Amino acid sequence: MLPCVENSVKVRRMETFLKKTFPWYGWILGSWFPMQYRKAFTILLLTVLLYVGGGVIVPGFLTLEQILLTLKLAAFIALFGLCQMIVIVAGGGGLDLSVGYTATLTAVLTASIMDGRNAYLGVALLVALVLGLLVGLANGALTSYLKLPPLVVTLAMADILQGIVNAYVAGKAITGRPSPVLVTLAARLTGVFPNILFVLIPVAVLAILVFERTKWEQILFGVGANERTAYLCGINVKKVRFLTFVASGVLASLIGLLLLGNMGIAFKDMGSNYVMPSIAAVVVGGVPLAGGGGSYFGVILGSIFLQALTNLLTALGLGDAGKWLGFGIILFAMLSVYAGNRRSR
Amino acid sequence: MDAARKGIVALPFEVLKRALLQPETSSLLMFSVLFGITAILQENFFEAKSIVRTINSFAPLILLAMGQAIVIISGGIDLSSGAALSLFTCVLTTVMKKDDPVTGVYALILAFLVALGTGVVNGLGIGYLRIPPVIVTFATSYAWLGIALFLRPTPGGESVPWFRVFYNMRAVEGVPEVLKSLGNYVPPALLLIAGACVLWYVVSRTRTGRYIYAVGSNIESAYVSGINTGKTQMLACVLNAILIFLAALFFVGQNQTGDARMGGPLTLRSIAAVVVGGIALSGGRGSVYLAIVGALILGFVGRIIFFANVPNAYQTLVSGIIVIAAIAGPAYATLRRELR
């Protein structure tokens, strides 16, 4: 892949800072440690610190059940984070704020189709695929072919999707339940192990393989790192970015099915609460917002960190207010470490 | 000779076409058409009472859109403006006690300081840390939401009675008769908007105003020309925060309560108003006053939807479609021209 020099400079700078603050940090991270996992390792360290700190402050925070529950909830953030990462990695200021809303619309529509029957799962899947494809095609065409700012387009798309949901549920209750297969997959445990992890792990392995071992790595990361170079190498930059939005839309729509399985019912803003965490997870996980770098492993660790933080704040009785304030501050702090541009100018 | 005649015939059309392609012209045209339709649909549109009501219902969006326009012209964007508006209403209604008129003054001072603080934080991220504006303000919007939820988990709170002057001067005792009769014709909302316009007029006549345009159109060359780009973007954010503060005054005057989630939908609407008004999202071009036109267009569209008996549930859907159409239309025209 095209090495993102600027990015590794930032990592180095952060490491020097960390080495000064914690002398043992440099000892753990020898030169043998792969570059792309260094940020991820830092997040892992932060998560462990959070858990140890939480276990000291709140008794009963550091138990196996708690950790597994965290993993289960973090899995959804991580899945939404994958949508977000695909779009962000391809660069060009890409960002998909419509993911949660796509999921909501899918959940609301398919709940009444399935209505607790396995037989209609295929139809529901088809509906989800078509819906995700439509949203993704619209987002991709508007952003990459009409060159509109992705943020405004996807924000407006979020409004449209939420508007459709509002209009659909206006004046009546949302009926329907997910099919038992989805419930087993998303909500149940096998022993103490949440089943959703059996979805996340293959997805993660596949994503990491695709991102780091195939030619897609070069195309996707190349476009993100330097679109001019990628263009001169014969890559159709517009098409790649278009396809990332399509992939994000389809994935988000499928996650909507899982979300429905986890919740058991569909409601108006079931997915919208995941938009902010998905972006925060990507940023915390060390994916540069300018594109062209990062690993999905980091994103998963980032979502675990965020979910652990949410749990700790909830255990401290701070609830929603603390969660959003904490997310805002963490995102801002991480951005000023990673995304700031202090060099030229 | 044939070609020449063709040229003479085609010239007025060319001029007309070029004029129509100007963003200002099309937004003003759209405004007048919508104004006409609303005036026809609403019977008592030109009565004084009804005009006051119209201005009152459009005022918060107009103020937010003006602030948004300043930030967008300086090369940024503010996704936190709605959340900031909610935060200020929560601060105001938490500090104020119904029975103690003096608390209103404290609330005003404290909320103004909070407003300056939000502007400075956004400006710090955009101007000095140089994080992409989109994502900084996305992060801060959740920070504001969190603080607002701490102060006011559910909508409510109380306000001193005299705060109604920001909504309706007649409703407050002790206001001089002159002001009351003035309030009949010039509602406080209009005064707030006029204040915002004066503020921007003064700023735009100073060096800072020109710097804002320079930084927005090309930040590198602005920096090379010796402009302090960080400070300029910070000032744009602070100006935006002050305008949002004015909107918060109006909102609390109107409702006497604070609500941590009230402003959320207004963020996209304010961006939409700026785009519909014909201000380039890429920054450096367009006039802040066009944002007022854009906000009025959105407001009139809402009115017409209301008259067309479309249920309230469709409002979000329609506003989303309008935003997409408003930004995709000009982009499509440019694309067509480039391809030719």
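Summing Lys and Arg as +1 and Asp and Glu as -1 over all other residues whose Cβ lies under 14 Å from the Cβ of A:SER248 gives a net charge of 0. A simple spin-label model places pseudo-atoms 7 Å from Cα toward Cβ; at B:GLU24 and A:LEU134 they are separated by 4.1 nm. Here's the picture: charge each Lys and Arg Cβ at +1 and each Asp and Glu Cβ at -1 in region B:172-316, and of B:GLY302, B:PHE245, B:GLY277 the one pushed furthest to the positive end of that dipole is B:GLY277. Inter-chain neighbour count for B:123-131: the average number of beta-carbon atoms from partner chains within 10 Å of each residue's beta-carbon is 4. Compute the FRET efficiency between B:ARG285 and B:THR206 as 1/(1 + (r/R0)^6), taking r as their Cβ-Cβ distance and R0 = 25 Å, and round to the nearest 0.05. It comes to 0.80. Highest average first, the peptides B:107-117, A:275-285 ordered by how many other beta carbon atoms sit within 10 Å of their residues are A:275-285, B:107-117. Positive end of the dipole of the protein assembly as shown (Cβ unit charges, origin at the Cα centre): among B:THR137, A:SER248, A:VAL287, the Cα lying farthest that way belongs to A:VAL287.
For the listed residue pairs A:LYS39/A:LYS72; A:LYS268/B:LYS97; A:LYS172/A:LYS238, the alpha carbons are over 32 angstrom apart in A:LYS268/B:LYS97; A:LYS172/A:LYS238. Taking a sphere under 13 Å around the Cβ of B:ALA39 and counting the other residues whose Cβ falls inside, with K and R at +1 and D and E at -1, yields a net charge of -1. For A:LYS147, a cut-off of 17 angstrom between C-alpha atoms picks up these aspartates and glutamates, skipping any fewer than 8 places away in its own chain: A:ASP96, A:GLU227, B:GLU338. Summary of packing: across the peptides B:289-300, A:227-238, A:299-310, A:43-54, the per-residue average of other C-beta atoms within 10 Å ranks them, highest first, as A:299-310, B:289-300, A:43-54, A:227-238. Projecting the Cα atoms of A:GLN218, A:LEU301, A:LEU331 onto the dipole axis of chain A, where Lys and Arg carry +1 and Asp and Glu carry -1 at the beta carbon, places A:GLN218 farthest toward the positive end. Each peptide in A:67-73, A:138-144 receives the mean, over its residues, of other Cβ atoms within 10 Å, and ordering these scores from highest gives A:138-144, A:67-73.
Taking the Cα centre of the protein assembly as shown as origin and assigning +1 to Lys and Arg Cβ atoms and -1 to Asp and Glu Cβ atoms, the resulting dipole is close to 1320 debye. Taken about its Cα centre, region B:23-339 carries a charge dipole of about 340 debye when Lys and Arg each add +1 at the Cβ and Asp and Glu each add -1 at the Cβ.
Remark: region A:52-61, residue by residue, has Karplus-estimated 3J(HN,Hα) of 5, x, x, x, 6, 6, 10, x, x, 7 Hz, where x stands for each Gly or Pro and the curve is 6.51 cos²θ - 1.76 cosθ + 1.60 at θ = phi - 60°.
The label point for A:LEU126 and the one for B:VAL178, both projected 7 Å from the Cα toward the Cβ, are 7.6 nm apart. Full extension of the chain segment joining A:LYS239 with A:LEU49 gains 64.2 nm, where the gain is 0.36 nm per residue of separation less the Cα-Cα distance. When +1 charges are put on Lys and Arg Cβ atoms and -1 charges on Asp and Glu Cβ atoms, the dipole computed for region A:74-273 relative to its Cα centre reaches about 200 debye. Across peptide A:276-289, the mean count of Cβ atoms from other chains lying within 10 Å of each residue's own Cβ comes to 1.
Shielding by partners for peptide A:314-325, expressed as the average number of C-beta atoms from other protein chains within 10 Å of each residue's C-beta, is 4.
In this structure, A:THR16 and A:THR229 have a Cβ-Cβ separation that, at R0 = 30 Å, corresponds to a calculated FRET efficiency of about 0.55. Gain on full extension, evaluated as 0.36 nm per residue between B:VAL198 and B:VAL102 minus their Cα-Cα distance, stands at 31.7 nm. Shown is the FRET efficiency for A:ILE265 and A:ILE57, computed with R0 = 35 Å from the Cβ-Cβ distance and rounded to the nearest 0.05: 0.55. The distance linking region B:267-302 with region A:297-320 is 38 Å (Cα centroid to Cα centroid, whole angstrom). Here is how the number arises for chain A: DSSP H runs of 4 or more residues each give -39500 (n - 2.57), the sum is divided by the residue count, and the result at 222 nm is -23500 deg cm²/dmol.
Read the figures in this text as sums done on the coordinates, not as results from a lab. No experiment lies behind these values; they were computed from the predicted model shown. When we count neighbours, we look across all protein chains shown, and the Cβ atoms used for this are built from the backbone with ideal geometry, even at glycine.
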